[in-house]
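First the structure, in the form of structure tokens, and then the observations on it.
The values are calculated or read from the model by the stated rules, or taken from the named source; none is laboratory data. None of the values given here were measured: they were computed from a predicted structure. Please note: Cβ atoms are built from the backbone with ideal geometry, for glycine as well, and neighbour counts cover all protein chains shown.
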């Protein structure tokens, strides 16, 4: 299965500030009542973006200046809470291609990488610099280079890194591990037969 | 060299190294439910894949089931479609499904242990972050996303990076009126909601040695709320006694061999940890949350934090955001905060001992006027035991609605939801904004007995005072 080698992502960015933004906020549980991931994009951040009557609340993602942004900037512990892949799926289906945050919750991070959506960690000061540049010029192009682990924007650069195993997977087009896991099927059967699980 | 349980289980289940440096790990036991699995089966069909080891996957339906309606079709057509889809997937791929008709249905993290499927020294994955619950048995158990569910179905393995291990020792004796729920809320408040990122937590010490399996499950359940993807307790006699005679537990000569194997899985004396944290049991109070994440908690005797006294702008902003949402006043005692709903249940606190303990105190009392109180057993099995012991009647007599098994108002994917900005005293695990089904609904997390105290007084209360527990 040939996957895209993800080396560089360019686009406009949007800043959704805040720490500990949980997966219930990214996609409220009532929108998990589905048997496919199609259409989740419209429910992204629903309860913080929409009033009860469906009209818009003030939110960076509702701001016309940031419409079409593909890079999300945010705070610490992004994606904490539930393991629902609906959260990164909703981001991706909304058009987000990469997230730069001060930190990520473990399960969210793994889910995102498996979808080919890089999650990069940067210092708060650097995220603030990128956010300020985007605020000053929402059309500013932000480029993430996964090879150098640097972000360039408005004539500036900042460091943004990610775990080596994830970086390797993205750069080499093996972020969806299914092909490699299937290759290990015979080895997996050996391990399974060696381990004595009972009652299974 | 002495090893931790985590290392032993990791090494035993490692299949091979992957090109990116991660490890292909055998998932010994896979649990699925209706919310996060249908898309995985869809991906399998798209790729033309089959289920590699169907006898190692077990299914149940828990998130979307109505707790006040058993007959199908469900009033909610989306929920109905989800249960039908799970039934179809299990039947097509030969997976055991603990459907409602089996009498074994319930919250996935309650029925795994109940059926004896959860065993020491194993790896367990499920598309649900509270899979850490199963760590109570000395299993390495963790939540996974839907793409990984596909991986496990198709290969019985997944790609994983090794976790570090932090030992959290709680020594001494818990004060009267302090429960397992308070222990884990205290740990999360101490180490932070992301303090466990990259770690598996090994819970140990005198308090855990004395804890029942159900108490251990309550603590392991909320590991993820502290950022730790997995949390476990080393298996011991308490573990083996719990497992003996369960439907999927080994029997006869196999039992003795299994116990020897399980015993050997425990962390070796003198093994090295990446970090060790020690907590004095006497420092733990009945704990309640005041904010919008489980790390925002205080002792019941405490006051709501004042943003003016915050250390740094970050903390100030997060307190302000939480108080604005919770409609609480800085500096006010949390005790006395009026509640609208009391919810008793969930994979954190929906087990027999939770209802038994509450029943001791609410017998002969009444839910306060204006409070909606619901009790939701975590499984059909728990419901049945409660009925046999007359516990359901105690709850009904006290004015609780006694429901059928499911996740219910923990995440409100079924009809059990808060309305408007109702405030709920809840034995569940998350107080995130909108968690209990209303975008403005408010949650205060606490132990089951504290939920009962709130239910009968109509406000957040100190259960030790309400129920006359001696605290000296």
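Here are some notes:
- Some residue of region B:208-218 being farther than 16 Å from residue B:135 by Cα and either in a helix (DSSP H, G or I) or at pLDDT below 95 (or both): yes
- Answer from A:158, A:192 - the residue that is facing chain B (nearest Cβ under 7 Å) and either modelled with pLDDT of 95 or more or outside any loop (DSSP other than H, G, I, E, B) (or both): A:192
- When residue B:271 is tested against (1) over 30 Å from residue B:135 (Cβ atoms); (2) out of contact with any strand residue (DSSP E or B) (no Cβ under 7 Å at 6 or more places or on another chain); (3) part of a loop (DSSP other than H, G, I, E, B), just one condition goes unmet, and that condition is (1).
- Looking across region A:19-41, not a single residue is modelled with pLDDT under 95 and over 27 Å from residue B:89 (Cα atoms).
- Search result, residues across region B:134-143 that are away from every other protein chain (no Cβ under 13 Å) and over 14 Å from residue B:211 (Cβ atoms): B:134
- Region B:70-91, residues that are closer than 26 Å to residue B:45 by Cα, more than 11 Å from chain A (Cβ to nearest Cβ) and within 26 Å of the chain's Cα centre (by Cα): B:87, B:90
- Any hit, region B:113-126, residues being more than 9 Å from chain A (Cβ to nearest Cβ), assigned to a loop (DSSP other than H, G, I, E, B) and either modelled with pLDDT of 95 or more or surrounded by 23 or more Cβ atoms within 10 Å (Cβ to Cβ) (or both): yes
- Test: residue in region B:168-183 that is at the interface with chain A (Cβ under 10 Å from one of its Cβ atoms) and touching a strand residue (DSSP E or B) at 6+ places or on another chain (Cβ under 7 Å): no
- Out of A:113, A:96, one residue alone is modelled with pLDDT of 95 or more, in contact with a helix residue (DSSP H, G or I) (Cβ under 9 Å, 6 or more places away or on another chain), within 23 Å of residue A:31 (Cα to Cα) and not in a loop (DSSP other than H, G, I, E, B). It is A:113.
- Selection count, region B:304-347, where residues are on the phi < 0 side of the Ramachandran plot and in a helix (DSSP H, G or I): 18
- Residue in region A:172-179 that is without any contact (Cβ under 8 Å) to a residue 60 or more places away in the chain and touching a helix residue (DSSP H, G or I) at 6+ places or on another chain (Cβ under 6 Å) present: no
- Here residue B:65 meets each of (1) surrounded by fewer than 24 Cβ atoms within 10 Å (Cβ to Cβ); (2) modelled with pLDDT of 95 or more with one exception, condition (1).
- Residue within region A:178-187 that is within 9 Å of chain B (Cβ to nearest Cβ), farther than 30 Å from residue B:313 by Cβ and within 14 Å of the chain's Cα centre (by Cα) present: no
- Criterion (under 17 Å from the mean Cα position of the chain (by Cα), assigned to a helix (DSSP H, G or I) and either crowded, with 24+ Cβ neighbours inside 10 Å or without any contact (Cβ under 8 Å) to a residue 24 or more places away in the chain (or both)) met by exactly one of B:413, B:409: B:409
- Single residue of region A:161-172 satisfying the filter (outside any helix (DSSP H, G or I) and within 11 Å of chain B (Cβ to nearest Cβ)) that is surrounded by the fewest Cβ atoms within 10 Å (Cβ to Cβ): A:172
- Flag for residue B:258 being in a helix (DSSP H, G or I) and without any contact (Cβ under 8 Å) to a residue 12 or more places away in the chain: no
- Within region A:125-151, restricting attention to residues that are without any contact (Cβ under 8 Å) to a residue 40 or more places away in the chain and closer than 21 Å to residue A:76 by Cα, the residue that is surrounded by the fewest Cβ atoms within 10 Å (Cβ to Cβ) is A:125.
- Filtered by the rule that a residue be part of a loop (DSSP other than H, G, I, E, B), surrounded by fewer than 24 Cβ atoms within 10 Å (Cβ to Cβ) and either within 14 Å of chain A (Cβ to nearest Cβ) or out of contact with any strand residue (DSSP E or B) (no Cβ under 8 Å at 6 or more places or on another chain) (or both), region B:442-467 gives B:462, B:467.
- So residue B:264, is it modelled with pLDDT under 95 and either in a helix (DSSP H, G or I) or surrounded by 15 or more Cβ atoms within 10 Å (Cβ to Cβ) (or both): no
- Within the span defined as region A:132-142, every residue fails to be at the interface with chain B (Cβ under 10 Å from one of its Cβ atoms) and either within 23 Å of residue B:148 (Cβ to Cβ) or in a strand (DSSP E or B) (or both).
- Against the conditions (1) more than 8 Å from chain A (Cβ to nearest Cβ); (2) in a loop (DSSP other than H, G, I, E, B); (3) without any contact (Cβ under 8 Å) to a residue 40 or more places away in the chain, residue B:19 satisfies every one except (1).
- Subset tally (residues that are more than 10 Å from every other protein chain (Cβ to nearest Cβ) and surrounded by fewer than 20 Cβ atoms within 10 Å (Cβ to Cβ)) for region A:32-56: 8
Residue-by-condition table, conditions (1) within 18 Å of residue B:288 (Cβ to Cβ); (2) crowded, with 21+ Cβ neighbours inside 10 Å; (3) within 14 Å of chain A (Cβ to nearest Cβ):
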residue	(1), (2), (3)
B:301	yes, no, no
B:316	no, no, yes
B:356	no, no, no
B:369	no, no, no
B:376	no, yes, no
B:388	no, no, no
